[in-house]
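**Student:** Provided herewith is a single structure, encoded as structure tokens, for subsequent inquiry.
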Amino acid sequence: MTKDELRERVRSVLPDVVALRHDLHSHPELSGGEERTARVVAEMLTRHGISHETRVGGGHGIVATIEGAAGPGRTFALRGDMDALPIQEENEVAYRSQNPGVMHACGHDGHTANLMGAALILNGMRDRFRGTVRCLFQPAEETVRGAEAMVEAGAVDGVDAIVMLHGWPILKPGQIGVRSGPAMASADHFDVLIRGKGGHAAYPHNTVDPIVVGTQIVAALQTLAGREVSPLAPVVVSVTRFQAGSAYNVIPDEAKLAGTVRTLDPKLRDEMAGKLERVVAGVCAALRAEYEFAYEYGTPVTVNTPEISDLVREVGRDLLGPENVVELAEPTMGAEDFAYYVQKVPGAMFRLGTGCPYLLHTPKYDFGDAPLEPGIQMMVELTRRFLAAD
């Protein structure tokens with residue numbers, strides 16, 4: 001398929017894809033509540049005769065399947081997430097969010113629209129590839145629950161490779177960012193309950209002040225990254241919640257801390273729970289407090305398979321030009337539940353330039369329409385080359 005032919009095919013579906021993005025942007029839904037979004041996606045797949053399964057993973061997940069007409073072969077998966085964030089939109093656009101306090105501030109409206117555009121085109125060119133295309137419309141990425149549920153439901157069973165794109169405001173439309181190896185961090189979280197001895201604020205010597213204990217724990221935890229972990233092994237320990245007390249003149253009995261731990265090293269990740277609890281236990285012992293500690297493992301490290309990242313580079317250079325394929329020098333410490341897919345099958349996520357002047361997860365972020373054409377082109381051509389009939 002020539003670049004011109006691909007471009008014409010993309011432009012033929014672009015009006016419907018833009019309309020879909022605007023509709024989804026206007027009606028955003030939070031993680032786990034993507035009922036309308038899933039219905040709109042399923043209805044569009046049905047109108048175009050694309051076979052699909054709904055409620056995959058026990059929620060609103062959708063898996064669409066397109067069989068190549070050139071014979072049996074490998075299976076290639078494309079993933080797009082569908083959920084929005086609890087943020088009040090500040091954009092003054094015709095398609096702004098109609099749901100108060102909810103908006104597509106991470107661009108999942110664009111991700112879903114890109115995946116739909118690719119599905120429409122691939123469904124119309126089944127004679128150009130062998131094997132199977134599997135399109136995963138995934139809910140609940142922001143709560144990092146959707147991918148794991150879909151994997152457990154068999155969404156990537158038998159898949160040979162998987163790819164996703166993510167809108168990236170620091171790149172221009174028509175540019176992509178690529179990286180092999182670790183691309184995004186793991187994301188775990190912890191909770192600490194500090195039990196002290198409350199009393200009158202005028203007589204602190206008669207108490208075991210859990211607020212004082214908590215502040216010492218917060219300070220001590222920061223030494224883990226600075227003094228116990230090599231600077232060549234990135235780790236982030238952030239305390240993001242500190243709750244205690246209810247009156248000016250009362251020292252409370254308890255204080256609660258919570259936070260997140262991010263790392264790019266699976267071995268270091270396994271060590272961090274023990275390191276945190278040791279610090280908590282030591283401070284509490286020194287200051288006569290008791291504690292409860294809980295640590296929950298969340299999203300793993302997202303590791304891009306080099307061979308699949310190389311395919312993204314190759315397709316990007318051919319379609320967009322070598323100057324528009326940006327090598328991402330560093331991973332990010334944000335997390336992405338795409339990690340669950342690439343734990344099971346080879347795959348890669350790449351960044352798609354949106355050129356938005358505002359950052360992700362902010363009230364004025366907008367994926368925009370300009371990234372749709374290059375995004376669909378990339379997804380279609382990646383699929384065609386992986387499942388080439390010739």
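**Student:** Please compute, over every Cα-Cα pair in the range 187-297, the percentage with a separation greater than 22 angstrom. Before the final figure, lay out each step's value.
**Tutor:** Numbers: 2048 of 6105 pairs.
Tail of the P(r) past 22 Å holds 34 percent of the pairs.
**Student:** With a Förster radius of 45 Å, plug the Cβ-Cβ distance of Leu232 and Glu35 into 1/(1 + (r/R0)^6) and report the FRET value to the nearest 0.05.
**Tutor:** Using R0 = 45 Å, I get an efficiency of 0.50.
**Student:** Before anything else, pin down the relative contact order of the chain: Cα pairs under 8 Å, at least 6 apart, normalised by residue count, whole percent.
**Tutor:** With pairs under 8 Å counted, the relative contact order is 24 percent.
**Student:** Continuing with the same structure: Relative to the Cα centre, what is the charge dipole magnitude of the range 187-297, using +1 at the beta carbon of each Lys and Arg, -1 at the beta carbon of each Asp and Glu, and rounding to the nearest 20 debye? It would help to have the intermediate numbers written out before the result.
**Tutor:** Details: 11 positive and 13 negative charges, 47 e Å.
The dipole of the range 187-297 has a size of about 220 debye.
**Student:** At what distance in nm do the modelled label points of Ala258 and Glu292 sit from each other, each positioned 7 Å from its Cα along Cα→Cβ?
**Tutor:** Each label point is offset 7 Å from its Cα along the Cβ direction, giving 1.4 nm.
**Student:** Does anyone have the angle between helix 306-320 and the longest principal axis of the chain? Alpha-carbon axes, 0 to 90°, nearest 10?
**Tutor:** 50 degrees
**Student:** If you place +1 on the Cβ of every Lys and Arg, -1 on the Cβ of every Asp and Glu, and leave all else neutral, what size is the dipole of the chain about its Cα centre, to the nearest 20 Debye?
**Tutor:** Values: 37 positive and 51 negative charges, 61 e Å.
With only Lys, Arg, Asp and Glu charged at Cβ, the dipole is about 300 debye.
**Student:** Here's something else I'd like to know. For the range 225-335, with the dipole built from +1 on Lys and Arg beta-carbon atoms and -1 on Asp and Glu ones, taken about the Cα centre, which of Val235, Val325, Leu276 lies farthest toward the positive end?
**Tutor:** Toward the positive end, the furthest listed residue is Leu276.
**Student:** Related question: Tell me the angle of helix 108-123 to the major Cα principal axis of the chain, expressed in degrees between 0 and 90 and rounded to the nearest ten.
**Tutor:** It works out to around 30 degrees.
**Student:** For Tyr248, project a label point 7 Å along Cα to C-beta. Then give me every residue of the range 196-210 with its amide nitrogen under 17 Å of that point.
**Tutor:** Counting backbone N atoms under 17 Å from the label point, the list is 200-203.
**Student:** How large is ³J(HN,Hα), in whole Hz, for each residue of the range 226-234 in order, when computed from phi with the Karplus curve 6.51 cos²θ - 1.76 cosθ + 1.60 and θ = phi - 60°, using x for Gly and Pro?
**Tutor:** Once rounded to whole Hz, the list reads x, 10, 10, 10, 4, x, 8, 10, x.
**Student:** With only alpha-carbon atoms in the gyration tensor, what are the semi-axes of the equivalent ellipsoid for the range 1-155, in Å, largest first? All intermediate terms of the calculation are to be shown ahead of the outcome.
**Tutor:** On the way: eigenvalues 147, 77, 25 Å².
They are 27, 20, 11 Å, listed from largest to smallest.
**Student:** Right, next: Arrange the following residues from fewest to most other Cβ atoms within 10 Å of their Cβ: Thr75, Thr112. Write down the numbers at each step before the final one.
**Tutor:** Working: Thr75 22, Thr112 28.
Ascending Cβ contact count within 10 Å gives the list Thr75, Thr112.
**Student:** Percent relative contact order of the range 187-297, based on C-alpha pairs within less than 8 angstrom and at least six residues apart?
**Tutor:** Numbers: 209 pairs, mean separation 47.7, N = 111.
Relative contact order here is 43 percent.
**Student:** In whole Hz and in residue order, list the ³J(HN,Hα) couplings for the range 270-275 that follow from phi through the Karplus curve 6.51 cos²θ - 1.76 cosθ + 1.60, θ = phi - 60°; x for Gly and Pro.
**Tutor:** With coefficients 6.51, -1.76 and 1.60, one gets 5, 8, 5, 4, x, 5 Hz.
**Student:** Okay, next question. In the chain, what percentage of the DSSP-assigned beta bridges are antiparallel, given to the nearest 5?
**Tutor:** Numbers: 45 of 68 bridges.
Looking only at bridges with both residues in the chain, the antiparallel portion is about 65 percent.
**Student:** Let me ask you something else. Among the listed pairs Lys3/Lys172; Lys256/Lys364; Lys3/Lys344, give every one whose C-alpha distance is greater than 24 Å.
**Tutor:** On the way: Lys3/Lys172 20 Å; Lys256/Lys364 33 Å; Lys3/Lys344 32 Å.
Check vs 24 Å cut-off fails for Lys256/Lys364; Lys3/Lys344.
**Student:** Please list 3J(HN,Hα) in residue order for the range 195-207, calculated via the Karplus relation 6.51 cos²θ - 1.76 cosθ + 1.60 where θ = phi - 60°; whole Hz, with x for glycine and proline.
**Tutor:** Each residue of the range 195-207 in turn: 10, x, 9, x, x, 6, 5, 7, 10, x, 5, 8, 10 Hz.
**Student:** Taking Cα atoms, how many degrees apart are the long axis of helix 372-386 and the longest axis of the chain, rounded to 10 and kept between 0 and 90?
**Tutor:** Tilt relative to the chain: about 70 degrees.
Read-outs: derived from the displayed coordinates by stated rules, not from any lab. Worth saying up front: this structure is predicted, and the values here are computed from it rather than measured. No Cβ is skipped: glycine too gets one built from the backbone with ideal geometry, and neighbour counts run over all protein chains shown.
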